[in-house]
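See below for the structure under consideration.
The values are calculated or read from the model by the stated rules, or taken from the named source; none is laboratory data. Keep in mind that what you see is a predicted model, and the values were worked out from it rather than measured. All Cβ positions, even for glycine, are placed from backbone atoms using ideal geometry, and neighbour counts span all protein chains on display. Accessible surface is based on the protein model in full, side chains and every heavy atom, while ligands, DNA and RNA are left aside. Shrake-Rupley method; radii C 1.70, N 1.55, O 1.52, S 1.80 Å.
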Amino acid sequence: MAEAGTGFLEQLKSCIVWSWTYLWTLWFFIMLFLVYILRVPLKINDNLTTVSMFLNTLTPKFYVALTGTSSLISGLILIFEWWYFRKYGTSFIEQVSVSHLRPLLGGVDNSAPSAASAAGGDADSSRQSVSECKVWRNPLNLFRGAEYNRYTWVTGREPLTYYDMNLSAQDHQTFFTCDTDHLRPADAIMQKAWRERNPQARISAAHEALELNECATAYILLAEEEATTIVEAEKLFKQALKAGEGCYRRSQQLQHHGAQYEAQHRRDTNVLVYIKRRLAMCARKLGRTREAVKMMRDLMKEFPLLSMFNIHENLLEALLELQAYADVQAVLAKYDDISLPKSATICYTAALLKARAVSDKFSPEAASRRGLSTAEMNAVEAIHRAVEFNPHVPKYLLEMKSLILPPEHILKRGDSEAIAYAFFHLQHWKRVEGALNLLHCTWEGTFRMIPYPLEKGHLFYPYPICTETADRELLPSFHEVSVYPKKELPFFILFTAGLCSFTAMLALLTHQFPELMGVFAKAFLSTLFAPLNFVMEKVESILPSSLWHQLTRI
């Protein structure tokens, strides 16, 4: 019985929604016709006369107050709408209309996928969207103690957000801990240290662990957070390497004795790879670039399956510093593959190599006269490909936006990745003569190829809509996050702005020229109602007087 009642109510609601969707115009005209027929019983003419007499007795001050109040209210709405749009990227009125009014008027909620779409192709696109919005570890992240903290000491600003540091804490727990840590006192202390939020408490725990044993992860924490220079960090990482290699050799011999030993060996492998990579980065920062390249190559050869650290991006940057462009091309040939995930480093480095071949002789005036050569066309296409992948990078390379310290995590195709790339690679673009000039002349042409990037891409998937939200979490508040595509002002902001300006102008004119505005208002109203009066006169002339009399009696 209850199900039958529910079904009847649903059917009744659907009928009402259908009728409102398609027959509202007919309902409107029927209501107008009924009001006109019943104008005598309802005394509409007398009421209108009374209202017009009341309005005629009002002074211009009333209209000034009315228009001024309207201007004030619309101005307050405009200010709120603008604040809401700047903070959340959408109109409050539009959001309320879509969320609450649209379902009542029979709109379809696009956010709830059907069962068929969830089982079909839409599931693949959803998984692709989630993977594109995944936050990645920055392969070129700086040292907290030697670099990030020094920036804080000088400027008083925090370069890292809580969200970013929390993601790093999760990474450390994943890479540097395992289930058997409680069996070793030093590792048990470090397991708690990686969960600690207070930096000083983490450092104290690392020193406590070293008092018990030569703990590689304790040296890592001290190198990352306590060392105030790269030289100090390198010394601590060398001590960590000595301890880490011993643990790795022991766990390597026991890895096949059970699941616990295998998990411990996996943890020791992650620790060893992390230490060697950071040592290579220390060598690169201290000017020993060839040594850093050798260490990175050896590491990639020794652990070819550990692609999660993206060591090849560190290698590309070091090779560009050596201007070993042939070696850079060889690395790109291996990693710029359709089956591998792309990054701004890969796409823009490929564009830089293509631009290097033609940029020194490139002239936009000459190119417009004779057309682009094959090499120039290849360079422009490579730039367009890179800009489509991450459209935020060119403004940093062309120094149209100021750089900040890169975060410890990045969002691919987002502003955070653009900052991380430009921070390290701007010098390499400047070193290639004419490369930035070629980029300046051609990068905006990408947006003509993909005018609606959120709907359809050209060489990559459509641009994800989640980048702005994630980048605001990753980047500090003092940085203005780059947004792509640039959001247009919502209709309601433009409407309230126009309404506020128009009513303010009416209030001013009514105050200054009350008589003239009165004449103008009467002329405007008479012109506005002239078509309606004309239609009513025609209706009265067409309908027979006897029929009209009978209808009014009803």
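Data overview
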quantity	calculated
Backbone HN-Hα couplings from phi across the range 272-283 [Karplus 6.51/-1.76/1.60, Hz, Gly and Pro as x]	5, 5, 4, 5, 5, 5, 5, 5, 5, 5, 4, 4
Fully extended contour minus Cα-Cα distance, from Asp298 to His182, at 0.36 nm per residue	38.5 nm
Added length on full extension, which subtracts the Cα-Cα distance from 0.36 nm per residue, Thr527 to Thr229	99.3 nm
The range 342-488: projected area of the alpha-carbon convex hull, averaged over directions, in nm²	8.8 nm²
Spin-label pair Ile79/Glu10, simplified geometry with 7 Å Cα→Cβ offset, distance in nm	4.8 nm
Accessible area expressed per residue, the range 245-374, with surrounding protein chains retained (probe 1.4 Å, Å²)	51 Å²
Calculated FRET efficiency for the pair Tyr163/Met377, C-beta based, R₀ 56 Å, to 0.05	0.85
Greater than 29 Å apart at Cα, pairs in Lys134/Lys401; Lys334/Lys412; Lys192/Lys412; Lys294/Lys342; Lys238/Lys342	Lys192/Lys412; Lys238/Lys342
Cα-projected label distance for Arg249 with Ile30, points at 7 Å along beta-carbon direction, nm	9.3 nm
Under 5 Å, built H, 5+ apart or other chain: amide partners of His409	Asn138
Semi-axis lengths (Å, descending) of the ellipsoid that matches the C-alpha gyration tensor of the range 157-324	26, 21, 15
Where labels lie 7 Å past Cα in the beta-carbon direction, separation of Val483 and Gln329 in nm	4.3 nm
Exposure ranking of Arg195, Arg288, Arg472, Arg413 by accessible area [1.4 Å probe, largest first]	Arg195, Arg472, Arg288, Arg413
Accessible-area value, Ser541, 1.4 Å probe, nucleic acids and ligands omitted, Å²	80 Å²
Surface accessible to a 1.4 Å probe, Arg297 within the full protein complex, Å²	90 Å²
Of Ala186, Leu272, Ala169, farthest towards positive along the dipole that unit charges on Lys, Arg, Asp, Glu beta carbons give the range 157-324	Leu272
